[in-house]
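The values are calculated or read from the model by the stated rules, or taken from the named source; none is laboratory data. If you're wondering where the values come from, they're calculated on a predicted model, not measured in any experiment. Note that we place each Cβ from the backbone using ideal geometry, even for glycine, and neighbour counts take in every protein chain shown. What goes into the accessible areas is simple: the full protein's heavy atoms, side chains included, and nothing from ligands, DNA or RNA. Shrake-Rupley method; radii C 1.70, N 1.55, O 1.52, S 1.80 Å.
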Amino acid sequence: ATCLNSLRWFCPGSELIVVDNASRDQTAVAGLCRRFDVDRFLPQASNLGVARGRNLGGANATREYTCFLDVDAEVTQDAAQILVGALRRNSQVGLCGPQLRSFGGVTQMSCRRFPTVHTKLLRLAPGFDWSGALAKEEMRSLDRTRPAYVDWVIGACQLCRSDLFRELGGYHCFS
């Protein structure tokens, strides 16, 4: 409910699409969708996985931008306008994400550089404290209060250009 409430409060007039990936109680989810005036409720008989679920939602989106928001995330004041502004200012940017904070206010590592073979191997080394070696990949020195170009953003909240999302065929599914 917090997720939907934040979208209705801070993103008035936005198109809300809820993909229910076979939750235990789709009747309760349907009730929440009615309560928050969701435009499309897409209940699934089986769990499609994150990528396929988002692809289904993205295929049903009709607006210029599509925001993917995890159920345990919420939008804060001005966040949507800042993300939309980032895409409007730079036509070369296809997807952006916000600074993520835990409910306790701690900034999360919400963007990364692409991993290298070296960092992948470090993660496999038993007993190796690889946390310091991954600082560059995790962009730990990044000033997260300012916009920055990154290789990828965590999926908890992403805003993308809907036409580009469809043109690229959505998220890649590994099965």
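Miscellaneous remarks
- Matching entry among Q77, Q81 (being in a helix (DSSP H, G or I), within 14 Å of S6 (Cβ to Cβ), of a type outside the set (A, V, I, L, M) and open to solvent by 30 Å² or more (accessible area, probe 1.4 Å)): Q81
- Residue match in the stretch 36-56 (condition: surrounded by 16 or more Cβ atoms within 10 Å (Cβ to Cβ), part of a strand (DSSP E or B) and in contact (Cβ under 8 Å) with a residue 12 or more places away in the chain): yes
- Looking only at the stretch 108-137, residues that are at pLDDT below 85 and of a type outside the set (A, V, I, L, M) come to 11 in all.
- Meets criteria (touching a Phe, Trp or Tyr at 6+ places or on another chain (Cβ under 8 Å), buried (at least 16 other Cβ atoms within 10 Å of the Cβ) and farther than 30 Å from L48 by Cβ) for L159: no
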